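Engineer: Sending over a structure as structure tokens; questions will come in a sec.
Coordinate-derived values only; no laboratory data. Because the structure is a prediction, the values reported are computed rather than measured. Cβ: placed from backbone, ideal geometry, glycine included. Neighbour counts: every protein chain shown.
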Amino acid sequence: MSSVPHNDVAGTDHAHDDHAHHPTGIMRWITTTNHKDIGTLYLWFSFTMFIVGGIMAMLIRAELFEPGLQIFEPERFNQMTSLHGLIMVFGALMPGAVGFANWMIPLQIGAPDMAFARMNNWSFWLLPFAATLLVGSLFVPGGAVEAGWTLYPPLTVQQGMGMDFAIFAIHIMGASSIMGSINIITTILNLRAPGMTLMKMPLFCWAWLITAYLLIAVMPVLAGAVTMLLTDRHFGTTFFDAAGGGDPVLFQHVFWFFGHPEVYIIILPAFGIISEIIPTFSRKPLFGYASMVYALSAIAILSFIVWAHHMFTTGLPTAGILFYMYATMLIAVPTGVKVFNWLATMWRGSITLEAPMLFAIGFLFLFTMGGFTGLVLSIMPIDIQFQDTYYVVAHFHYVMVAGTLFAFFGGAYYWLPKWTGHMYDEKIAKLHFWLSFIFFNVAFFPMHFLGLAGMPRRIPDYAQQFADWNMVSSIGAFGFGLSQILLFIAVVKCIRGGEKAPAKPWEGGTTLEWTLPSPPPYHTFETPPVVK
Amino acid sequence: MQADKRSANLKTGAILATIALVFFAGVIVTHYFSSGTAALTVIGTAVLLFLIVAIGRHLRK
């Protein structure tokens, strides 16, 4: 059972919940321990970093608009690509997912707030400092990290102080993520409303429970890896220095032991959001709820035994290559179960195409394409040809942008009426979807062709033969970037006013948050609802 | 929040924080015990077991 019908909920009396005693002005946001405020802070932070990382992406595409060096020296170009990756992963996508979790988990499980409200505040307020370190590293002598978001030694051992900034930023963001995960797991395990068993929980909460476990498992590993990098740089250790008996390839193993599950840390909350949107706008319960939970769990566990598929060109033993190749292909099975279940939910449903559903369907198309190119890359002989080409760039942008980001956009439109108390402007939201969908494909589809033709990634200049598709790709990237102005307009318009949203703006919504008024009172579920 | 819920939260939080600390220290310390490959095997197995147990016990409920 994926949802809680309203007539099965008792004790949702909010008459006494309206006492919104909280500081006002800036102090409200600095000192807040309220999950809704902190969720809002996370989401705005994520949007800000999305803009910063997006501007970097557009600068990268401007440089690649035509062959030759236009804007950057090669070093600066590498700094842009590296920071773009780090900012988008750690600054935009992860905090965005945590923002949704903060807002929605307590509302969906009938909890009054997160389990550790003060720690929640702290885990958010660490982030702006980490982001400042990361972006600020552009302006220190030697510039920012140039080795890509993967931070491979020996380059990162040799680099200037920008690398130290990046290491500390990752430490801080990692600490924030771990605190956030502890909070989410504890909230879900201990503060669910009476009667809400785990298998009655909305799938968004399940997705986050599993994601939080993944974070607890891998963020300390990344923190350990970058700590060893730091001691190699400044304290004479040689973990990754071949001259001192260390092994640079070992860093790749440790990094991808974190890095591959990280992909799922980013995509699982998106799966959760999509699993809320599709049943609502299909007006049917989610098909195969239990199998969705098992598929999420299988994806999470399998994500830990495939990391070396990122390292097929490092000289792994044949048996190892075969293992990682087949294990990677195996992930397609639970992922396929999920896609099948979403489609089966839509089958013969009374589907309407409001903006959240459009983004969910866009997600289904494009994420599946990203998944297929991932399958192609899992085949070792092909991967060796495509290693470090634009084919890989196309693949992971189909997963990260069209997958996670589209789900976040859909989720934002889905819950905006609940968050703000106003309906968003459907015309702007639909325009946002169509422009994003078209320009995304214009930007990233040609990268498959560039990769197939052998264009390497992370270079500021390229051979004349790649010029045409690069120009198309850059035009698409500018269009996609500018389309996001519509999201900003839609959100701001919705916050400032508009048509009043009812408690349940979507007739197909069945989870607990729709039993609350829109916007919900500052304190909700002080008396836990009873789920029958 | 009720006292029993508060103490249950603290217990869960403390266990999870300890696991995170052990993984952080483990990935560094195991390098001193043996080769890098062995270190990764030890910490990798520990992490995988943690996940299987943590997620698996919820699936059984």
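Engineer: I'd like to know which of A:Phe204, A:Gly39, A:Phe235 lies farthest towards the positive end of the charge dipole of chain A, counting +1 on Cβ of Lys and Arg and -1 on Cβ of Asp and Glu.
Structural biologist: A:Phe204
Engineer: What percent does the relative contact order of chain A come to when contacts are Cα pairs within less than 8 Å and at least six residues apart?
Structural biologist: Reported as a whole number, the value is 22 percent.
Engineer: Helix A:203-234 sits at what angle to the longest principal axis of chain A, using alpha carbons and giving 0 to 90 degrees rounded to 10?
Structural biologist: 30 degrees
Engineer: Something else: Straight-line reach from A:Lys338: which aspartates and glutamates have a Cα under 18 Å away, not including same-chain ones fewer than 8 places off?
Structural biologist: Straight-distance partners of A:Lys338: A:Glu276.
Engineer: Under a straight-distance cross-link criterion of Cα-Cα below 21 Å, which lysines are reachable from A:Lys427, leaving out those fewer than 8 residues away in the same chain?
Structural biologist: Correct list for A:Lys427: A:Lys418, A:Lys493, A:Lys500, A:Lys504.
Engineer: Can you pull the one-decimal nm distance between simple spin-label points at A:Leu353 and A:Leu69, each 7 Å off the Cα toward Cβ?
Structural biologist: 4.8 nm
Engineer: As I understand it, the value is the acute angle between the Cα axis of helix A:355-378 and the longest principal axis of the Cα atoms of chain A; what does it come to in degrees, rounded to 10?
Structural biologist: That works out to roughly 30 degrees.
Engineer: Quick one: Cα centre-to-centre distance for region A:286-347 and region A:201-261, in angstrom?
Structural biologist: 21 Å
Engineer: Using only the alpha-carbon atoms, how far is helix A:467-496 inclined from the longest principal axis of chain A? Give it as 0 to 90 degrees, nearest 10.
Structural biologist: That helix lies at roughly 30 degrees to the long axis.
Engineer: Another question about this same structure. Can you put B:Val29, A:Val472 in order, fewest other beta carbons within 10 Å first?
Structural biologist: With the sparsest Cβ surroundings first, the list reads B:Val29, A:Val472.
Engineer: Applying 1/(1 + (r/R0)^6) with R0 = 51 Å to the Cβ-Cβ distance of A:Val530 and A:Thr314, what FRET efficiency is obtained, to the nearest 0.05?
Structural biologist: Efficiency, from the Cβ-Cβ distance: 0.35.
Engineer: Give me A:Ser297, A:Ser436, B:Ser7 sorted ascending by neighbouring Cβ count inside 10 Å, so fewest comes first.
Structural biologist: Going from least to most buried by this count: B:Ser7, A:Ser297, A:Ser436.
Engineer: Same structure, new question: I'd like to know which of A:Met114, A:Thr420, A:Ala477 lies farthest towards the positive end of the charge dipole of chain A, counting +1 on Cβ of Lys and Arg and -1 on Cβ of Asp and Glu.
Structural biologist: Ranked along the dipole, the leading option is A:Thr420.
Engineer: Where a Cα-Cα gap under 16 Å defines reach, which aspartates and glutamates qualify for A:Lys36, not counting those fewer than 8 residues away within the same chain?
Structural biologist: A:Asp17, A:Asp18, A:Asp113, A:Glu513, A:Glu526
Engineer: Here's something else I'd like to know. Quick check: the distance between the Cα centres of region A:133-177 and region A:464-532, to the nearest angstrom?
Structural biologist: Here the two parts' Cα centres lie 32 Å apart.
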